[in-house]
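The values are calculated or read from the model by the stated rules, or taken from the named source; none is laboratory data. Predicted, not measured: the structure shown is a model, and the values here were computed from it. Here the Cβ positions follow ideal geometry from the backbone for every residue, glycine too, while neighbour counts run over all protein chains shown.
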Amino acid sequence: MENKEKILQYIQKNPGFTQAQITYRLDIPQSTIKYHLLTLEKEGKIFSEKLFKIHYFKNGIDNELKIESCIKNNNNLKVIYERCKKESLLEEIATSCDISKSIASKRLQVLESLGAIKKIKVNTKIKFCKN
């Protein structure tokens with residue numbers, strides 16, 4: 001099987017992986033992966049989305065599956081998303097996840113852009129919770 005077909009099949013089975021993750025898991029040189037990802041995008045077989053890194057998805061992917069795969073493939077997103085089951089402040093999320101407020105804020109922005117969480121204003125504070 002050609003590298004291009006391997007990459008396409010991998011993305012179809014594992015949506016939301018980054019170029020580095022695909023390179024590592026398929027054990028194909030990074031430059032080869034990059035070339036084929038660009039080619040597959042030009043052919044309209046996949047698309048990329050910049051969240052905090054560029055993630056690759058097959059065209060026509062269901063939005064719920066896209067959200068689920070992004071969260072599953074990133075431990076910080078997974079932990080933060082779980083923390084958002086109940087309304088939480090940024091400081092609470094950062095502390096409970098043992099990460100800086102800056103990283104927590106960036107990951108919350110990603111989750112919000114995916115539509116997985118929302119901000120709500122409670123009195124004068126902003127809390128985050130699942131959509």
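Things worth noting here:
- Any chance Ile103 is closer than 25 Å to Cys129 by Cβ, among the hydrophobic types (A, V, I, L, M, F, W, C), touching a residue at least 12 places away in the same chain (Cβ under 8 Å) and surrounded by 14 or more Cβ atoms within 10 Å (Cβ to Cβ): yes
- Just one of the numbered conditions (1) free of Cβ contacts under 8 Å to residues at least 12 places away in the same chain; (2) touching a Lys or Arg at 6+ places or on another chain (Cβ under 9 Å); (3) surrounded by fewer than 16 Cβ atoms within 10 Å (Cβ to Cβ) is not true of Lys85: (1).
- Members of the range 13-46 that are within 18 Å of the chain's Cα centre (by Cα), outside any helix (DSSP H, G or I) and not polar (S, T, N, Q): Pro15, Gly16, Phe17, Ile46
- Taking the numbered list (1) in a helix (DSSP H, G or I); (2) crowded, with 17+ Cβ neighbours inside 10 Å; (3) basic (Lys, Arg) in turn, Lys127 passes all entries but (1).
- Top-ranked residue of the range 75-89 - restricted to ones that are closer than 15 Å to Ile103 by Cβ and of a type in the set (D, E, K, R), ranked as farthest from the chain's Cα centre (by Cα): Arg83
- For the range 13-42, the candidate set comprises residues that are touching a helix residue (DSSP H, G or I) at 6+ places or on another chain (Cβ under 7 Å) and polar (S, T, N, Q); within that set, the residue that is surrounded by the most Cβ atoms within 10 Å (Cβ to Cβ) is Thr23.
- A single member of Leu65, Leu51 is out of contact with any Ser or Thr (no Cβ under 8 Å at 6 or more places or on another chain), touching a residue at least 24 places away in the same chain (Cβ under 8 Å), outside the structural domain of Ser105 (by TED's automatic domain parsing) and not β-branched (Val, Ile, Thr), and it is Leu65.
- Lys78 meets the conditions (1) part of a loop (DSSP other than H, G, I, E, B); (2) over 27 Å from Thr39 (Cβ atoms) in every case but one. The failed one is (1).
- Among residues of the range 115-131 that are more than 22 Å from Asn63 (Cα to Cα), those with a Cβ under 9 angstrom from a residue that is assigned to a strand (DSSP E or B) and among the polar types (S, T, N, Q), sequence gap 6+ or separate chain, pair up as Lys127/Ser88.
- Across the range 1-12, the qualifying residues are those that are under 20 Å from the mean Cα position of the chain (by Cα) and in contact (Cβ under 8 Å) with a residue 24 or more places away in the chain, and the one among them that is surrounded by the fewest Cβ atoms within 10 Å (Cβ to Cβ) is Gln12.
- In the range 90-99 there is at least one residue that is among the small types (Gly, Ala, Ser), part of a helix (DSSP H, G or I), farther than 29 Å from Asn3 by Cβ and without any contact (Cβ under 8 Å) to a residue 40 or more places away in the chain.
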